[in-house]
Every structure is written in structure tokens, then in C-alpha cells.
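The values are calculated or read from the model by the stated rules, or taken from the named source; none is laboratory data. Values in this document were obtained by computation on a predicted structure and should not be read as measured data. Here Cβ is always computed from backbone atoms with ideal geometry, including for glycine, and neighbour counts include all displayed protein chains.
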Amino acid sequence: MNRHLNELKNRSIVLQNLVEKIGPVISGYPEGRIRVENKGNQIYYYLVNKGSDINGKHIGKDGSKTIHDLIQKNYLEKVLKTAVRERDYIENTLRKYPQKLPEDIYSSFSAERRSIIDPIMLPDDEYISLWMNKQYVTKGINAGTVSYKTNHGEMVRSKSELIIADRLFAGNIPYRYECPLKLANGYVIHPDFTILRRSDRKELYLEHCGKMDDPDYAKKAVKRINDYQKSGIIPGDRLFLTMETSEDPFDPAMLDRMIQKLFT
């Protein structure tokens with residue numbers, strides 16, 4: 001099932017849960033509505049009931065709970081009405097949603113024909129497979145340098161990078177280790193991890209800054225981050241950072257939250 005259809009179905013579920021939650025709550029509020037009037041620097045509240053004077057009856061300070069309840073009810077009624085409208089629109093869209101999408105066409109051809117076609121749209125699995133299998137030249141780790149083998153099979157430079165690689169692999173997050181990236185200034189860098197986010201097929205970059213208590217290292221890290229930004233790769237958008245010092249070690253739980261909220 002394609003991700004857009006999943007998003008619509010998940011949104012419909014959220015809205016249905018909201019409708020079921022709000023309905024009983026609204027029924028517990030009192031009848032009537034609140035009319036608000038500004039006079040000078042003062043705000044006045046009036047209770048308007050069905051069949052009563054259209055201007056309503058003024059409510060004094062002792063009626064603050066009634067004011068709150070009826071304004072809250074009005075808010076919830078509007079939320080309910082809007083949620084029902086959106087839910088119904090989505091459900092109608094789902095009923096009409098085509099079973100075959102443009103990215104499914106390539107897979108519908110025989111292997112012989114696919115070998116000739118230059119596809120312009122691919123299903124997620126095939127797109128990710130091509131992305132993962134694309135050849136590139138890493139920065140390389142010098143012989144004799146301490147390194148660690150990840151569950152995916154590549155060698156990384158530190159235990160923290162090993163944790164990151166294995167967490168991404170376990171989370172089924174497509175990534176490349178030290179894949180070259182050409183910045184706007186023409187300089188080629190090798191981000192620690194280039195990540196392909198499945199939901200929008202956007203390439204993200206994760207840099208692990210592992211020695212931030214080393215002044216020279218920190219200075220280079222700041223320059224690298226600034227170089228990213230000058231190329232339009234902004235922290236929190238496509239660039240993400242993990243950091244540690246000797247006194248404040250890398251926290252894998254923080255990475256797990258990033259994977260769940262940002263990389264899927």
C-alpha cells in the first residue's frame with residue numbers, strides 16, 4: 001500500500017477518534033451560548049438561551065464557570081463539525097482512490113521490458129533498493145586505524161558511529177556511510193551518514209560530533225555546520241547532529257527518538 005494512502009487512512013482514524021471523544025463531552029455541557037461584548041475597556045458576557053432575548057442575560061463574576069463551559073462547548077462544536085467534514089471528505093476520497101498509481105506501472109511490465117525502460121517513477125521498495133545499491137567512494141579508513149564493523153557490513157570510525165549505524169539498520173532506515181557530498185562552494189565533504197527518508201524520499205545528513213570538548217575539533221565542527229547552511233542544508237530540516245564530550249557521552253535513546261520522529 002502506498003504511503004499517501006496510508007497517511008489518509010491514518011488521518012481518518014485520528015478524526016474518527018476525535019469525533020467519538022468530543023460527542024459525549026459536548027452533551028455534558030449546559031444549554032445556551034455566550035455573547036461577548038466589549039464596552040470601553042471592559043468585557044461583558046451574556047447568556048443567550050433558545051427562545052430568550054437575543055441579547056441575552058448579563059452574567060456576573062459568579063458565573064465564570066458557565067462562561068467557560070459554554071465557550072468551551074462552542075469551541076468543541078466547531079471542532080466536531082470540522083472534523084466530521086474532513087473525515088467524510090477523506091472517506092469519500094478513499095473510496096475513489098485508484099488501485100494502481102503511476103509508480104506501480106514500471107513493476108507491471110515483464111522483466112525483459114523493465115530492462116529496457118528508463119523509469120521516471122518507481123515504487124518505494126525499488127527506489128530505495130536502487131538508492132542503497134548505488135556505488136560511491138567513501139572517505140576511507142587508513143590501515144591500522146581503529147575501526148568497527150556494523151551490522152550492515154561497513155567499517156566505521158568510533159563506537160558511537162557503530163551504535164548509530166546499527167540503530168539505523170535495525171530501524172530499516174536506508175543510509176550511506178561517508179558518501180561524498182559536493183557543497184555550494186565546490187568542496188566535497190563526506191557526511192557521517194546520508195539518510196534516505198522513506199516518507200518523502202528526501203536525503204538527510206546526520207553528523208556525529210564526537211569530541212566537542214576538543215577546541216580544535218569543535219572549531220572544525222562549527223565550520224562544517226556553517227558550510228552545510230551556506231549550501232541550503234539547514235539544521236533541523238535536512239541536517240541533524242548528535243554530540244558528545246568525555247563528560248557527556250552519546251545517548252542512544254536520543255538517537256532512537258530522532259529515528260522515530262525525523263527519519264521515517
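Could you list, in sequence order, the residues of the range 238-256 that are charged (D, E, K, R) and surrounded by 11 or more Cβ atoms within 10 Å (Cβ to Cβ)? Walk me through it before giving the result.
We begin by selecting, within the range 238-256, every residue charged (D, E, K, R); these are 238, 244, 247-248, 251, 256.
Those that are charged (D, E, K, R) and surrounded by 11 or more Cβ atoms within 10 Å (Cβ to Cβ): ARG238, GLU244, ASP251, ASP256.
Taking the range 83-134 as the range and being under 21 Å from ILE13 (Cβ atoms), among the hydrophobic types (A, V, I, L, M, F, W, C) and surrounded by 13 or more Cβ atoms within 10 Å (Cβ to Cβ) as the test, the residues that pass are ALA83, VAL84, ILE90.
Which of the residues spanning the range 1-36 are in contact (Cβ under 8 Å) with a residue 24 or more places away in the chain and basic (Lys, Arg)? Those that are in contact (Cβ under 8 Å) with a residue 24 or more places away in the chain and basic (Lys, Arg): ARG3, LYS9, ARG11, ARG33.
Put simply, of ASP88, ASP104 the only residue that is at pLDDT below 90, among the acidic types (Asp, Glu) and not in a loop (DSSP other than H, G, I, E, B) is ASP104. Please specify each residue of the range 166-182 satisfying the condition of being basic (Lys, Arg), over 10 Å from TYR136 (Cα atoms) and assigned to a strand (DSSP E or B). Residue satisfying the conditions is LYS182 alone. It is to be established whether one or more residues within the range 38-51 are more than 30 Å from LEU122 (Cα to Cα), of a type in the set (S, T, N, Q), in a loop (DSSP other than H, G, I, E, B) and free of Cβ contacts under 8 Å to residues at least 24 places away in the same chain. Looking for residues that are more than 30 Å from LEU122 (Cα to Cα), of a type in the set (S, T, N, Q), in a loop (DSSP other than H, G, I, E, B) and free of Cβ contacts under 8 Å to residues at least 24 places away in the same chain, one finds at least one in the range 38-51, hence yes.
Taken as a whole, the condition of being under 23 Å from ILE141 (Cβ atoms), over 17 Å from the mean Cα position of the chain (by Cα) and surrounded by fewer than 17 Cβ atoms within 10 Å (Cβ to Cβ) does not apply to ASP192. Looking at ILE195, ILE189, just one residue is free of Cβ contacts under 8 Å to residues at least 60 places away in the same chain and in contact with a strand residue (DSSP E or B) (Cβ under 6 Å, 6 or more places away or on another chain), and that residue is ILE189. Here ILE163 fulfils each of the conditions (1) under 27 Å from the mean Cα position of the chain (by Cα); (2) hydrophobic (A, V, I, L, M, F, W, C); (3) over 26 Å from LYS182 (Cα atoms); (4) not assigned by TED's automatic domain parsing to the domain that holds LYS182 apart from (4).
If you go through the range 2-14 one residue at a time, do you hit one that is loosely packed, with under 14 Cβ neighbours inside 10 Å, of a type in the set (Ser, Thr, Tyr), at negative phi and part of a helix (DSSP H, G or I)? Checking the range 2-14: not a single residue is loosely packed, with under 14 Cβ neighbours inside 10 Å, of a type in the set (Ser, Thr, Tyr), at negative phi and part of a helix (DSSP H, G or I).
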